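Notes for the one structure printed next.
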Amino acid sequence: MTPAPERYAVIGHPVAHSLSPWIHAQFAQQSSRPLIYSALDVPSPELALRVREFFAQGGCGLNVTVPHKQAVLQLIDTLSERARVAGAVNTIVRETGQRLRGDNTDGVGFVRDLTLNLGLAVAGQRVLMLGAGGAARGLLGPLLALAPAELHIVNRSPERSRELARSFASQGPVHGDGFEQLDGLDYGLIINATAASLSDELPALPTGALSPTTVCYDLAYGKAPTRFVQWARERGARRTYMGEGMLVEQAAESYLLWHGMRPDTAPVLAQLRRSEP
């Protein structure tokens, strides 16, 4: 008898744009593993109820996306070290006895895309991080491990940026400010970790942050360039990227946590970049 497929999902709000169901379907085909992976659009007031309901009905694992990566912490029984350091969860694993373990695969996924797929070096670079929410938190530890000369976090709320920088100060040269405090010096790498691209908006960036040697990376992704990528290209950035590579790599790390094997990301990413599903 064929076993019933295991159930997984991504939970967020909004989430209809997510390619995670398609990506995990490609991974499952590689290993001939039967599973169902769906997208759950859940507003914040319903988060706790819907997470408990999903696992009570036999769900095996969840990916967590905007805006729930920090709010879901209160529903988790144990945290991995990288989730604890990040203060945010993007992957939930159901353990024995219905206990839930939270992990964060965003940072390792981002770094794998940046260094292995794109061949970019971070060591010695000045790096600008836009945003101080759950998406940014998951990247900071792995980014600082790449030894940038400086990691500068900016956010609409300067104090939130500074608080985030203080929590990672032991891991490398990081500080936080508001957008208006940018010092006018250009950066080697600018990362958009805000949610602005989801609503087709642009963070309040001064032109001086970017030079012809700057690489710009938007964590958002889509069929068309985001406003941030358009802005970067119009101002002569050396290279621009969107987040489909990070999406695939963090998904592979989640798949490894759930199933004990890492799928081959190269063919999935190639197909995604040829024609978005």
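The values are calculated or read from the model by the stated rules, or taken from the named source; none is laboratory data. Only a predicted model underlies this, so the values are computations on that prediction, with no experimental measurement involved. Please note: Cβ atoms are built from the backbone with ideal geometry, for glycine as well, and neighbour counts cover all protein chains shown.
Taking the residues in the range 227-264 that are of a type in the set (S, T, N, Q) and under 22 Å from GLY119 (Cβ atoms) as candidates, determine which candidate is surrounded by the most Cβ atoms within 10 Å (Cβ to Cβ).
To start, the set of residues in the range 227-264 that are of a type in the set (S, T, N, Q) comprises 230, 240, 250, 254.
Those still in the list that are under 22 Å from GLY119 (Cβ atoms) too: 240, 250.
Details: THR240: 19, GLN250: 26.
Once the filter is applied, the top-ranked residue is GLN250.
Please verify whether GLY245 is in contact with a His (Cβ under 9 Å, 6 or more places away or on another chain), among the small types (Gly, Ala, Ser) and in contact (Cβ under 8 Å) with a residue 60 or more places away in the chain, treating the condition exactly as stated.
Numbers: in contact with a His (Cβ under 9 Å, 6 or more places away or on another chain): no; among the small types (Gly, Ala, Ser): yes; in contact (Cβ under 8 Å) with a residue 60 or more places away in the chain: yes.
In short, no.
In the range 21-55, which residue that is in a loop (DSSP other than H, G, I, E, B) and in contact (Cβ under 8 Å) with a residue 24 or more places away in the chain is surrounded by the most Cβ atoms within 10 Å (Cβ to Cβ)?
At the first step, the residues of the range 21-55 found to be in a loop (DSSP other than H, G, I, E, B) are 32-34, 42-43.
Adding the requirement that they be in contact (Cβ under 8 Å) with a residue 24 or more places away in the chain leaves 33-34, 42-43.
Values: ARG33: 17, PRO34: 10, VAL42: 20, PRO43: 12.
So, considering only residues that are in a loop (DSSP other than H, G, I, E, B) and in contact (Cβ under 8 Å) with a residue 24 or more places away in the chain, the one surrounded by the most Cβ atoms within 10 Å (Cβ to Cβ) is VAL42.
So how many residues does the range 265-275 have that are in contact with a Phe, Trp or Tyr (Cβ under 8 Å, 6 or more places away or on another chain) and either free of Cβ contacts under 8 Å to residues at least 12 places away in the same chain or part of a loop (DSSP other than H, G, I, E, B) (or both)?
Number satisfying all stated conditions: 0.
Out of all the residues in the range 229-264, which are among the β-branched types (Val, Ile, Thr) and either under 12 Å from the mean Cα position of the chain (by Cα) or part of a helix (DSSP H, G or I) (or both)?
The answer is VAL229, VAL248.
So which helices (runs of 4 or more DSSP H) are wholly in the range 90-189 and hold at least 1 residues that are more than 17 Å from the chain's Cα centre (by Cα) and without any contact (Cβ under 8 Å) to a residue 40 or more places away in the chain? Before the answer, list the steps.
Values: elements: 106-112, 134-144, 158-167.
So the answer is 158-167.
Determine if the range 192-212 includes at least one residue that is part of a strand (DSSP E or B), surrounded by 21 or more Cβ atoms within 10 Å (Cβ to Cβ) and within 18 Å of the chain's Cα centre (by Cα). Don't jump to the end; show me each part of the working.
Filtering the range 192-212 down to residues part of a strand (DSSP E or B) leaves 192.
The next check asks that each one be surrounded by 21 or more Cβ atoms within 10 Å (Cβ to Cβ); those that pass are 192.
This time we only want the ones that are within 18 Å of the chain's Cα centre (by Cα), so: 192.
The answer is yes, given that some residue of the range 192-212 is part of a strand (DSSP E or B), surrounded by 21 or more Cβ atoms within 10 Å (Cβ to Cβ) and within 18 Å of the chain's Cα centre (by Cα).
Given the structure, is GLN98 at pLDDT 95 or above and of a type outside the set (Phe, Trp, Tyr)? Steps first, answer last, please.
On the way: at pLDDT 95 or above: no; of a type outside the set (Phe, Trp, Tyr): yes.
No.
Inside the range 131-155, can you point out the residues that are surrounded by fewer than 22 Cβ atoms within 10 Å (Cβ to Cβ) and within 20 Å of VAL66 (Cα to Cα)?
GLY133, GLY141
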